[in-house]
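**Student:** So that we are looking at the same thing, I have put the structure below in structure tokens.
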Amino acid sequence: MRSPSGTTIAIIGAGAVGATIAYTAAIKHLASKIILVDIDKQKEAGEVMDMCDGLCFMDTGIISGGTYKEAKAADIIVIAAGVTQKQQGADSRLDLIEKNKGILKSILKSIGRLKKDTILLIVSNPVDILTHLAVRFTNLPTSQIIGTGTLLDTARMREAVASHLHVHPQNVHGYVLGEHGNSSVIVWSSVTVGGIPIKQIPSFTTHIKKQIEQSVKKRAHAIIKRKGVTCYGVTLATMTLLEAIIYNQHKTLSISTTIRSWNGVSHVALGVPAVIGRAGVERIWPLTLSSLEKKAFRKSASLLIHYL
Ligand code: NAD
């Protein structure tokens, strides 16, 4: 097991999401050094000062602001910079593409050539498209560029199923795949609760499933309407990914990666179940989808391909 000591994580974008990721990674002691970089240097400095006030109470060694040159030396670089749906009045995450593509390109251009074992984690939206484009903007192989993808949608599905059955979300397993967005697909055939396939649970009617599908798709909107941003769920999803990489856990997680060929889809990044370790995406998990799920997954992919 690789120790977090010696690991440096750089987070680009010190907004609601980036700062929460930096803070949570610090209190979880996932790295000896955390570097926060934002185009808004006042914001960056304020967040760093606030977090450094807590250094006495945590084990992380250094939290600092930094330059792209310093970020380039990190083992893992998290991209959380960009505009949000609320700022743009956007209905879909895909509407953020033009602005956030430009921001991603300029960040990766400024960072320049990366160390050959760097892992790039994309959080900014539209996360699938940006994960795909990042391959063009860096020297890294696709296996080292990971988007948070449908990891958050999967967590939302697990929580909704758990709440319906009055069990803990950690007892619910399964995947949401495809776009992190309106065309995401709950793979009901993969969902089990305490080892029981969901199709064997009588109270889980088609109506309940439809309700959960809608609530997963509308969850971000529902939160943004009430508090303006979403940051905790995505941060903890990112922590799971960081831990899987740092500790080489070989965890099977629904993340976004550019796939060569899977269930009839190729050459696009989208949410798939993948085994994650220190090398990044080790392999795509050969999950079997029903014919309806396959159709929905392909539809989600075709929507994304349109934006590449
Ligand atoms: P925010 O507005 O609070 O923060 C964005 C930050 O990016 C700002 O501080 C801004 O100054 C910075 N920034 C802009 N251009 C930059 C550049 N070129 N270099 C460095 N920093 C730059 O927004 P937020 O709520 O933190 O959201 C950030 C991104 O994360 C958005 O794209 C949002 O849609 C996305 N997001 C993704 C998920 C997910 O599940 N993948 C969930 C929530 C939010």
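The values are calculated or read from the model by the stated rules, or taken from the named source; none is laboratory data. A quick note: this is a predicted structure, and the numbers were derived from the prediction, not measured. Here the Cβ positions follow ideal geometry from the backbone for every residue, glycine too, while neighbour counts run over all protein chains shown. Only protein heavy atoms, including side chains, enter the accessible area calculation; ligands, DNA and RNA are left aside. Shrake-Rupley method; radii C 1.70, N 1.55, O 1.52, S 1.80 Å.
**Student:** Quick one: putting +1 on the C-beta of Lys and Arg, -1 on the C-beta of Asp and Glu, what dipole do you get for the range 1-151 around its Cα centre, in Debye to the nearest 20?
**Tutor:** Roughly 600 debye, rounded to the nearest 20.
**Student:** Measuring from label point to label point, each 7 Å out along Cα→Cβ, what is the Arg226 to His166 span in nm?
**Tutor:** Taking the simple label geometry, Arg226 and His166 are separated by 2.3 nm.
**Student:** Follow-up. With point charges of +1 on the Cβ of Lys and Arg and -1 on the Cβ of Asp and Glu, referenced to the Cα centre of the chain, which listed residue (Ser183, Val265, Gly61) lies farthest in the positive direction of the dipole?
**Tutor:** Of the options given, the answer is Val265.
**Student:** Also, quick follow-up: Sequence neighbours fewer than 8 away in the same chain don't count; with that in mind, list the lysines whose C-alpha is under 28 Å from Lys294.
**Tutor:** Correct list for Lys294: Lys199, Lys209, Lys210, Lys217, Lys218, Lys251.
**Student:** Using the Karplus curve 6.51 cos²θ - 1.76 cosθ + 1.60 with θ = phi - 60°, work out ³J(HN,Hα) for each residue of the range 47-59 in order, rounded to whole Hz, and write x for Gly and Pro.
**Tutor:** Whole-Hz 3J(HN,Hα) from phi for the range 47-59: 5, 5, 4, 4, 5, 5, 4, x, 4, 4, 9, 9, 9.
**Student:** Give the Rg/Rh ratio for the chain, taking Rg as the radius of gyration of the Cα atoms and Rh as the Kirkwood radius, to two decimals.
**Tutor:** Across the chain, the Cα-based Rg/Rh ratio is 0.96.
**Student:** Beyond 18 Å, how much of the Cα-Cα pair distribution for the range 129-276 remains, as a whole percent?
**Tutor:** 59
**Student:** Here's something else I'd like to know. If each of Ser261 and Gln87 carries a label point 7 Å out from its Cα toward its Cβ, how far apart are those two points in nm?
**Tutor:** Between Ser261 and Gln87, the label points sit 4.1 nm apart.
**Student:** Which value results for Rg/Rh of the range 21-60 when Rg is the Cα radius of gyration and Rh the Kirkwood radius based on the inverse mean 1/r?
**Tutor:** 0.96
**Student:** If you average the C-alpha positions of the range 1-74 and of the range 225-243 separately, how far apart do those two centres end up, in angstrom?
**Tutor:** Each part reduced to its Cα centre gives a spacing of 16 Å.
**Student:** Now for a separate question. Semi-axes of the equivalent ellipsoid for the range 88-203, please: Cα gyration tensor eigenvalues, times 5, square-rooted, ordered largest first, whole Å.
**Tutor:** Gyration-tensor ellipsoid for the range 88-203: 34, 17, 10 Å.
**Student:** Let me ask something else about it. By a straight-distance test (C-alpha under 17 Å), which lysines pair with Lys99 as possible cross-link partners, with residues fewer than eight away in the same chain excluded?
**Tutor:** Cross-link targets: Lys86, Lys109.
**Student:** With viscosity set to 0.890 mPa s at 25 °C, what whole-number translational diffusion coefficient in µm²/s follows for the range 53-153 from Stokes-Einstein and a Kirkwood radius over Cα pairs?
**Tutor:** The Stokes-Einstein estimate is 167 µm²/s.
**Student:** Could you tell me what % of all Cα pairs in the range 84-138 have separations over 18 Å?
**Tutor:** So the portion of pairs separated by more than 18 Å is 32 percent.
**Student:** Applying the Karplus parametrisation 6.51 cos²θ - 1.76 cosθ + 1.60 with θ = phi - 60° to the phi angles of the range 163-174, what ³J(HN,Hα) value in whole Hz is obtained for each residue in order, glycine and proline being reported as x?
**Tutor:** 5, 5, 9, 6, 10, 7, x, 6, 8, 9, 10, x
**Student:** At 1.4 Å probe size, with the rest of the protein present, what percent of the exposed accessible area of the range 151-285 is carbon and sulfur atoms?
**Tutor:** The nonpolar share, carbon plus sulfur, comes to 54 percent.
**Student:** So, one more: Near the amide H of Asn182, under 5 Å away, which other amide H atoms are found, from residues 5 or more places off or on another chain, if H is placed in the peptide plane?
**Tutor:** Sorted by chain and number, the residues that satisfy this are Arg93.
**Student:** Let me ask something else about it. Based on Cβ point charges of +1 for Lys and Arg and -1 for Asp and Glu, what charge dipole magnitude is obtained for the chain about its Cα centre, in debye rounded to the nearest 20?
**Tutor:** About 780 debye.
**Student:** What's the long-distance tail for the range 1-96, i.e. % of Cα pairs beyond 18 Å?
**Tutor:** Roughly 45 percent, once rounded to a whole number.
**Student:** Here's another thing I want to ask about it. Run the Debye formula on the Cα coordinates of the range 201-285, all scatterers equal and no solvent, and tell me log10 I(q)/I(0) at q = 0.15, 0.17, 0.22 1/Å.
**Tutor:** Result of the Debye calculation: -0.80, -0.93, -1.03.
**Student:** Once neighbouring chains are kept in place and the probe is 1.4 Å, which whole percent of the accessible area of the range 39-93 is contributed by carbon and sulfur?
**Tutor:** Accessible surface attributable to carbon and sulfur in the range 39-93 totals 55 percent.
**Student:** Next question. Roughly how many Å is it from the Cα centre of the range 163-205 to that of the range 84-114, as a whole number?
**Tutor:** Here the two parts' Cα centres lie 31 Å apart.
**Student:** What residues of the range 150-178 lie in the reach of a label at Gln214, counting those whose backbone N is under 17 Å from a point 7 Å from the Cα along Cα→Cβ?
**Tutor:** Flagged as within label range: 157, 160-161, 164.
**Student:** For the range 277-302, list residues with backbone N below 15 Å from a point placed 7 Å from the Cα of Thr206 toward its Cβ?
**Tutor:** Under 15 Å, as judged by backbone N against the label point of Thr206, lie 292-293 of the range 277-302.
**Student:** OK, next. So, for the chain, what is the accessible surface per residue at a probe of 1.4 Å, expressed in square angstrom?
**Tutor:** Accessible area per residue: 46 Å².
**Student:** In addition: Quick one: how many Å² of Met51 are accessible to a 1.4 Å probe, rounded to 10?
**Tutor:** Approximately 10 Å² of Met51 is accessible to the 1.4 Å probe.
**Student:** May I pose another question? Report Rg/Rh for the range 249-308, rounded to two decimals, where Rg is the Cα radius of gyration and Rh the Kirkwood radius.
**Tutor:** Rg/Rh: 0.98.
**Student:** With runs of 4+ DSSP H residues as the only contributors, calculate the mean residue ellipticity of the chain at 222 nm using -39,500 (n - 2.57) per run, divided by the residue total and rounded to the nearest 500.
**Tutor:** -13000 deg cm²/dmol
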